[in-house]
Amino acid sequence: MEYAYDDQNIFAKILRGEIPNKTVYENDHALAFEDIAPQAPVHVLIIPKGAYVSLDHFARDASPEEQVGFMQALAEVCRITDVAQGFRSISNTRVHGVQDVPHYHMHILGGRQLGRMLQG
Ligand code: AMP
C-alpha cells in the first residue's frame with residue numbers, strides 16, 4: 001500500500017510550530033497535546049514527529065526508536081493525566097475509521113465512564 005503524506009495537514013503545522021498547541025508531553029519522537037474539541041475530561045492526542053499518515057503506516061515504516069518513543073509518550077501521558085481508573089485509546093484510520101487529520105494520532109480519552117466502544 002502507498003501512503004501519501006500531505007505536509008500541509010494541521011498536525012504537521014503544529015510540529016513545525018506554525019500553529020500553537022497545549023503540550024502535555026514531548027520527547028524526541030512524539031508530541032502529546034490537548035485535543036481542541038475535547039470529548040471527555042481527559043482528551044489528549046499523541047502524534048509521532050515523523051511523517052506517517054496512519055497507525056498502519058506507522059506500524060509498518062516507523063523505526064524501532066520511533067515506535068518505542070511513541071509508546072513512552074503514551075506512558076507519560078497516562079501518568080500525567082492520572083487515568084488510573086481507565087481510559088480509551090482510539091486511532092481513527094482513513095474513510096471507514098472517519099479519520100479527519102491525515103497525520104497519525106492516537107486519542108487518549110478518560111476522566112469519566114466512556115460507555116460501550118461503538119454506537120453504530
Ligand atoms: P480524527 O477524526 O481522529 O482525525 O481526529 C482529529 C482530532 O483533531 C479531532 O478530535 C479534533 O478535535 C482535533 N484537532 C483538530 N485541530 C486541532 C488543533 N489545532 N489542536 C488540537 N486538536 C485538534
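The values are calculated or read from the model by the stated rules, or taken from the named source; none is laboratory data. Predicted model, so just to flag it, every value in this text is computed and none were measured. Glycine also receives a Cβ, built like all others from the backbone with ideal geometry; neighbour counts cover every protein chain displayed. The area values use the complete protein model at the heavy-atom level, side chains included, leaving out ligands, DNA and RNA. Shrake-Rupley method; radii C 1.70, N 1.55, O 1.52, S 1.80 Å.
Placing dummy labels 7 Å off each Cα toward the beta-carbon, the span from ARG79 to ARG16 is 3.3 nm.
Between amide H atoms placed 1.01 Å from N, distances below 5 Å from GLY111 occur with VAL42, all of them 5 or more places distant or on a separate chain.
Rounded to the nearest 500, the helix-only mean residue ellipticity at 222 nm of the chain stands at -7500 deg cm²/dmol, with each DSSP H run of n ≥ 4 adding -39,500 (n - 2.57). Comparing mean-square fluctuations of ALA73, ALA30, ALA84 from a GNM of the chain with C-alpha springs under 10 Å, the top value falls on ALA84.
Using C-alpha pairs under 8 Å with a sequence gap of at least 6, the mean separation divided by the residue count of the chain gives a relative contact order of 30 percent. Here the range 10-110 has 54 percent of its accessible surface on carbon and sulfur atoms, given a 1.4 Å probe and all protein chains in place. Direction-averaged projected area, Cα convex hull, the range 1-103: 6.8 nm², rounded to one decimal. Computed from backbone phi with θ = phi - 60° and the Karplus coefficients 6.51, -1.76 and 1.60, the 3J(HN,Hα) list for the range 24-31 is 9, 6, 8, 9, 5, 10, 8, 10 Hz; x is used for glycine and proline.
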